[in-house]
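A quick write-up on the structure given underneath.
The values are calculated or read from the model by the stated rules, or taken from the named source; none is laboratory data. Nothing here was measured: the structure is a model prediction, and the numbers come from that model. Here the Cβ positions follow ideal geometry from the backbone for every residue, glycine too, while neighbour counts run over all protein chains shown.
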Amino acid sequence: MTFLRPVQAAKNPTARRRGPRRPPARVSRRWPAAATCAAVVAGLTALAGCVDDTGGATTGGVGTSVPRALLVVGTDYASTSLSWVDPAQTALTAGAFLHSGTVVSASGAALSGDVVPGSSGFADGRFPVVDRSHSTLTWVGGAPGSAPQQWSLSDGFVANPQDAHVAGPDLVAVVRAQADPTPTDHPKSGGDDVLLLNAAGEVQGRVALTAQSTLPGGTAFAGRGARHHSTLWLPLGSFATDFSAAGVGRVVGVDLGQRSVTAHADLPGLRNCTWLDHTAAEVKRGDAPLLVGTCSGLFQGSEADQRAGSGVFNVRLTAQGPVASTVVRGADWTEGGAVAFPVAQDATRRGWFVRFGRLGDAPRPDAVWTYAPGSGTPPAKVYAGGGAFELGGLWLDRATQRLWVADAGSADGDLVVLDVSGDIAKEVARVKTDTVGLRAVHLAARVAP
């Protein structure tokens, strides 16, 4: 892909080596856009993800015949691999079918180390993979043997895309978290917005979000969202441009038809709100869809300060507008880590979230916790991870009441499957996906026709 100008360096490249935890701009952490697999190997010895496989994607293809496949992103934040898992069989069906050593196409870029799955795909099974470092969207899925396709999401600036939603047969909405410091009149300039593209990857418009920031002079920094009908609901981090501060949490509704922000709900006391479960709009409370999301607090302060600004929230989409409520409040805890990013919730509003662990002299692993609003019982731990900053994505299979947990710290299988149908969660299976040494961090369900 030819950029119109050199790719700029990220504003905040600091991050830990592994794990989903980041500084407040956790998702803005970047590896040099021009880095190749060979360059990474020069700095990291024996990195299994950097195998030479220039023909791998076109030889085996990136599609799958599994009707409802789980897309698994394995990464150490230097290299990335993509795998398919069949949830019905609890089995790996295609390990590392695309990775950082694979040339996507003659004009495309290899995957960086900072890659996440999008939220929804096309009806033919094509599913978006978002490269936050390279500002690209790579399409996988489709029929077995399919070749990947790749779109550029900027004209060269670090757009830091967070999510992608297919909102119709000819509409793709991409969430770009960072603004272009030197904007041009190019249609892919801008950033801190929702970029709208057609099915060919051509820009159809954009919805600017900067004005929605709750921090005066800050950026909106939208995260992973959830779509309900024609509205894309997005959580806002509302960060200062140098990520030194953040405003109160906010969720905004972007009407993709009107191409404007038409509603919002604030989250008092919560900070660093960058995650909505994209499947949550399937759940209803009464006659209103119910969104669920997380805020992870600010990373600059103490563990206690971060914990106090973290929590799990619901947004009820009523006819009168969105109504937000906090269902898990980190400020209620006197010890332990803050609420992390992933969350899942079932039709009864019972849910699961991750709490950060701790490194150092008194290490503490990440853990999955469960909550039940209105039950009178506090959140309880149901699974301890393989280490601190090792737990990644959660995916709830509502049909089977199985919760899939990405645990990059587990040597026995980096996907852990918990039966959560009863009062006590029970581990029922583990799936090993790290065929090239890159363990699972992110998960997304892809549904084929």
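A few comments on the model shown:
- The condition (being outside any strand (DSSP E or B) and within 23 Å of ALA96 (Cα to Cα)) is satisfied by just one residue among GLY386, GLY422: GLY386.
- Count - residues of segment 352-377 that are at pLDDT below 95 and of a type outside the set (A, V, I, L, M): 7
- Screening PHE243 on (1) buried (at least 17 other Cβ atoms within 10 Å of the Cβ); (2) not in a loop (DSSP other than H, G, I, E, B) shows it passes everything except condition (2).
- Selected residue (only one of ASP86, ASP114, ASP131 is among the acidic types (Asp, Glu) and within 24 Å of GLN204 (Cα to Cα)): ASP131
- Yes/no for GLY168 being more than 18 Å from the chain's Cα centre (by Cα) and more than 20 Å from GLY205 (Cα to Cα): no
- Of all residues in segment 201-240, those that are in contact with a helix residue (DSSP H, G or I) (Cβ under 7 Å, 6 or more places away or on another chain), part of a strand (DSSP E or B) and small (Gly, Ala, Ser) total 1.
- Matching entry among ARG402, ARG446, ARG398 (being within 21 Å of the chain's Cα centre (by Cα) and over 16 Å from VAL85 (Cα atoms)): ARG398
- Screening the candidates VAL382, VAL405, VAL447 for the property of being surrounded by fewer than 22 Cβ atoms within 10 Å (Cβ to Cβ), modelled with pLDDT of 95 or more and either of a type in the set (A, V, I, L, M) or at positive phi (or both) yields one hit, VAL382.
- Residues of segment 328-367 classified as surrounded by fewer than 19 Cβ atoms within 10 Å (Cβ to Cβ), of a type in the set (A, V, I, L, M, F, W, C) and not in a loop (DSSP other than H, G, I, E, B), total: 1
- Wholly enclosed strands (runs of 3 or more DSSP E) of segment 11-126 bearing at least 1 residues at pLDDT 50 or above, more than 18 Å from the chain's Cα centre (by Cα) and of a type in the set (S, T, N, Q): 91-99
- Residue within segment 149-166 that is of a type in the set (Val, Ile, Thr) and either assigned to a strand (DSSP E or B) or surrounded by fewer than 23 Cβ atoms within 10 Å (Cβ to Cβ) (or both) present: yes
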